[in-house]
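Notes to accompany the following structure.
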Amino acid sequence: MDTPATPQEPGAFLRRLPTGERLPLPADSVTAWDTFPFEGDFRVKRLRPPVLPEPDRAGEGGPEECRTCLKPVTQALWADDHWRLDEVGTESRLPAVVMLQPRGHHDLSDLPAERAAELGPLLQRVERAVLALDGVARVHVNRWGDGAAHLHFWLLARPAGLVQLRGSFLPVWEELLPPVPEEERREAHRRIAAALAADGGTAHALTR
Ligand SMILES: [Zn+2]
């Protein structure tokens, strides 16, 4: 894979930071947001020194050591020739949490042009499939990419009515809510897979 190397030495941004010190917590910072999941007194952690060069992400060495590439496509919820949609973990605390990934071992910056052109319409298809579940107000699409080198988009369903869960703290709330019953989780997966397969590909979630 041909992705730009991370810097080897701290640049101006890092040299400017008060490494080792505790940053101040402004009164109007995130802890004051209506959507912040916690209450009480907070302080910011001390800023750790940078780690350069950064450690490899999972699968950085290539497809033969990538968990996505090694996972049989039949274990996906849905797949076509170039993309797959997978469940995340073995439980869910939202109406749905799914992961859209190319089948080829690419990150975003080296995604082939044909795949990149498919991405917009495909994200729309997955969002529509998740929105069609009962009680879903919004689908948040997230791409971080710090943990694994294989491109993966998280799609998280925000429950309708839970305005306290709006925005960027949804992944944190997802850790705190009670788990969705297993059969309900599987039914959501079957419905998402069937909705996608209606426009192409195979709904593997329906065959197990
Ligand atoms: Zn891979």
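Within region 139-173, track down each residue that is of a type in the set (Lys, Arg) and surrounded by fewer than 18 Cβ atoms within 10 Å (Cβ to Cβ). Steps first, answer last, please.
Here is the first cut: in region 139-173, the residues of a type in the set (Lys, Arg) are 143, 158, 166.
Within region 139-173, Arg143, Arg166 meet the criteria.
Just to be sure before I move on: is Pro26 more than 30 Å from Gly167 (Cβ to Cβ), open to solvent by 60 Å² or more (accessible area, probe 1.4 Å), of a type outside the set (Val, Ile, Thr) and more than 16 Å from the ligand (Cβ to nearest atom) in the structure I sent?
No.
State the number of residues belonging to region 132-161 that are away from the ligand (no atom under 16 Å from the Cβ), in a loop (DSSP other than H, G, I, E, B) and in contact with a helix residue (DSSP H, G or I) (Cβ under 8 Å, 6 or more places away or on another chain).
2
Please go through region 179-197 and give me each residue that is open to solvent by 60 Å² or more (accessible area, probe 1.4 Å) and either assigned to a helix (DSSP H, G or I) or in contact with a helix residue (DSSP H, G or I) (Cβ under 9 Å, 6 or more places away or on another chain) (or both), ordered by number.
If the condition is that a residue be open to solvent by 60 Å² or more (accessible area, probe 1.4 Å) and either assigned to a helix (DSSP H, G or I) or in contact with a helix residue (DSSP H, G or I) (Cβ under 9 Å, 6 or more places away or on another chain) (or both), then Pro179, Glu182, Glu183, Glu184, Arg186, Glu187, Arg190, Arg191 are the ones that fit.
How many residues are of a type in the set (Ser, Thr, Tyr) and farther than 19 Å from Gly104 by Cα when one looks only at region 28-74?
3
Of all residues in region 50-69, how many are within 16 Å of the ligand (Cβ to nearest atom) and exposed (fewer than 10 other Cβ atoms within 10 Å of the Cβ)?
Result for region 50-69: 1.
Pick from region 82-99 the residues that are within 14 Å of the ligand (Cβ to nearest atom) and in contact (Cβ under 8 Å) with a residue 40 or more places away in the chain: which of them is most open to solvent (accessible area, probe 1.4 Å)?
This residue is Met99.
Restricting region 75-124 to residues that are within 14 Å of the chain's Cα centre (by Cα), part of a loop (DSSP other than H, G, I, E, B) and not small (Gly, Ala, Ser), which is nearest to Pro178 (Cα to Cα)?
Leu94
Mind telling me which of the residues Arg67, Arg57, Arg48 ends up being farther than 30 Å from His189 by Cβ, of a type in the set (Lys, Arg) and out of contact with any His (no Cβ under 6 Å at 6 or more places or on another chain)?
Arg48 is the lone residue from the list that is farther than 30 Å from His189 by Cβ, of a type in the set (Lys, Arg) and out of contact with any His (no Cβ under 6 Å at 6 or more places or on another chain).
Go through region 29-49 and give me each residue that's in contact (Cβ under 8 Å) with a residue 40 or more places away in the chain and open to solvent by 100 Å² or more (accessible area, probe 1.4 Å).
Trp33, Asp34
The values are calculated or read from the model by the stated rules, or taken from the named source; none is laboratory data. Note that the structure is a prediction, hence the values are computed from the model and not measured. All Cβ positions, glycine included, derive from the backbone under ideal geometry; neighbour counts span all protein chains shown. The area values use the complete protein model at the heavy-atom level, side chains included, leaving out ligands, DNA and RNA. Shrake-Rupley method; radii C 1.70, N 1.55, O 1.52, S 1.80 Å.
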